[in-house]
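Okay, so here's the structure we're looking at.
The values are calculated or read from the model by the stated rules, or taken from the named source; none is laboratory data. The structure presented is a predicted model; accordingly, all values stated were derived computationally and were not measured. Neighbour counts run over all protein chains shown; Cβ positions are idealised from the backbone, glycine included.
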């Protein structure tokens, strides 16, 4: 027994020391990252903007990447990027901007915000050079703002027009004998079409053609202005397939030259008056962000709430707009006397109609205490519009996808699939006629179908009513522009769903005016977690995901994520855009 206790306590002590050392090491790592190293920018520097980065609405920090490579762990948010470009405009140490424009994963509205900031930067008379070995159309959307844009001699430029593609599941479901029961309100509400049709409906093709052509027109107008080529000629180049390689792009004046990377660097070297390209002081966005103070100053305070992702019921939904989290956050800001105004930055295709209504109610209460302005990002549609419609003022980008005021619900009927494909049958005992409603293992009867449609219609009526009150329009007028129809930002202004075309910064300035605030600082919400919280959460999630992937395989994991997305829509009224969407360019 004596030996047992001796061994036990020795092991316990070793475990305690090991845990303490681990904690201290983790604390030391956290401390090293909590103190941002102040960067010094050399004179005659060039700011590098790689638009292949995905500039999210809020800065996301990856603790694991930061440990390995601190610079790779952080990417500025979209608003930070805009602020950095604005600061570089008046910063005497920054002589120009070098844009890497090969790829661009950012949304159309985000792309336009970046482009506007770069156009404004050019008023400083500083240079902008753009380059990509191969340049996608979305990369070119930003890159063509440059004074000079180059591509690789063996590279090229995509210039073929825009297309939109949706995946349809009806044929697969028919083969599997799965019969989804679909209930919807709004003839343009296309989110359920993959379950109902094998191709797009005429109404959906109509609305898609309108907003897709509006996006394309915006793109062509930007090219026409900067390249001094008329839109008819540009459309001809795309429609006739005349841009197939780098030389085609040069011959048709879409780029200024075919150069290798070192040759582009020599051009930049001349502009900053250095002899060799290796002497150029290139400054990354991360380093530049560490050298300047982006926060405003003044006695006022404006809260910017980022509502980014699907709208879902509950709390702690990573990457989503969770109803409980945002309800509590909005209540907190309503009761915070130090906050003079609130800007809600919405980047959401929608989701749960109930969660949307919960958030709408809190915004309605909030605006009775202080001004609330909405700034729409890439998407503010369906549920994303639901939570926006009650604001004092709504700003959107010209390319924002908005509207989609409609509701749907889907009940999958897998009875015949389970019986005929798997040999599984179901039986039940219930205390009431509708106790098992809705059910995925039997067909709903006519009365139950009527109940489901009535529920969808009721939510749709509430949705239209919220919009009518918020936009100060009649319900009948809102119904005429609703029906699930998608509106691009510029058209949303024309029909009254949006007040003005403007960026997030312009929305913040509007909120300050409404609150009669002159000098102000900005506080972003939801607040970022500490390094240790991010580290622990990230570790737990990565271990869990890795274990599941290893057990079921990567392909099955991806299928599981798609099934989860569909599952969230089942049985409950939804206000969301289609989930199976592939966009080209």
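Figures for the structure shown
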| item | result |
| --- | --- |
| Answer residue from segment 82-91, given it is in contact (Cβ under 8 Å) with a residue 40 or more places away in the chain and over 25 Å from the mean Cα position of the chain (by Cα) and is farthest from residue 115 (Cα to Cα) among those | 91 |
| Any hit, segment 438-459, residues being surrounded by 17 or more Cβ atoms within 10 Å (Cβ to Cβ), closer than 24 Å to residue 396 by Cα and assigned by TED's automatic domain parsing to the domain that holds residue 383 | no |
| Residue count for segment 401-429, restricted to those that are in a loop (DSSP other than H, G, I, E, B), within 27 Å of residue 173 (Cβ to Cβ) and out of contact with any strand residue (DSSP E or B) (no Cβ under 8 Å at 6 or more places or on another chain) | 7 |
| Subset of segment 469-492 (residues that are in a helix (DSSP H, G or I) and either touching a strand residue (DSSP E or B) at 6+ places or on another chain (Cβ under 6 Å) or over 29 Å from residue 120 (Cβ atoms) (or both)) | 469, 470, 471, 475, 476, 477, 478, 479, 480, 481, 489, 492 |
| Breaking point among (1) crowded, with 17+ Cβ neighbours inside 10 Å; (2) in a helix (DSSP H, G or I); (3) modelled with pLDDT of 95 or more, for residue 215 | (3) |
| Qualifying position, being under 30 Å from residue 384 (Cβ atoms), in contact with a helix residue (DSSP H, G or I) (Cβ under 9 Å, 6 or more places away or on another chain) and at pLDDT below 95, among 485, 442 | 485 |
| Breaking point among (1) under 23 Å from the mean Cα position of the chain (by Cα); (2) farther than 25 Å from residue 257 by Cα, for residue 182 | (1) |
| Sole residue being in contact with a strand residue (DSSP E or B) (Cβ under 7 Å, 6 or more places away or on another chain) and in a loop (DSSP other than H, G, I, E, B), chosen from 398, 355 | 398 |
| Of residues in segment 107-145 being assigned to a loop (DSSP other than H, G, I, E, B) and touching a residue at least 60 places away in the same chain (Cβ under 8 Å), the one nearest to residue 246 (Cα to Cα) | 136 |
| Selected residue (only one of 388, 353, 375 is modelled with pLDDT under 95 and surrounded by 24 or more Cβ atoms within 10 Å (Cβ to Cβ)) | 353 |
| Which listed residue is closer than 26 Å to residue 347 by Cα, buried (at least 22 other Cβ atoms within 10 Å of the Cβ) and assigned by TED's automatic domain parsing to the domain that holds residue 79, from 131, 108 | 108 |
| Scan of segment 322-343 for residues that are in contact with a helix residue (DSSP H, G or I) (Cβ under 7 Å, 6 or more places away or on another chain) and either at pLDDT below 95 or surrounded by 15 or more Cβ atoms within 10 Å (Cβ to Cβ) (or both), ordered by number | 323, 326, 327, 330, 333, 334, 339, 341, 342, 343 |
